[in-house]
Amino acid sequence: MAKLMIGDGGDAAYVVCVPVTTPLYFVDNVLGACTVCGAEVQHRPDIPVGIPLICIACFSARATDGDEFVITPKTAAEVRAFFRRH
Ligand SMILES: [Zn+2]
């Protein structure tokens, strides 16, 4: 069981990130790579340092019912917007 962070959080196993978009969701978003598949992802510049990034696809494949999620309302809206487009 993993603790997964979406948005602001502290001691999570992963930071869940959306793929790189053009334009980025926010102009100051930072680019990174999924720790599992290497896909390019984007995240906010203020996430805690040292927590591996994971893309939504890998996150979806790994998440289990027992996982704990930390998500901000703003990020929840972003994730919903992402899935409406895909
Ligand atoms: Zn991935």
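We did not get these values from a lab; they are worked out from the coordinates using the rules stated. From a predicted model like this one, the values you see are computed outputs, not experimental measurements.
Structural remarks
- Here's how it looks for Cys17: its modeled amide H is under 5 Å from those of Ile54, Cys55, Ile56, which are all 5 or more places away or on a different chain.
- Cα gyration tensor shape for region 7-56, rounded if a/c is under 1.5, else prolate or oblate: oblate
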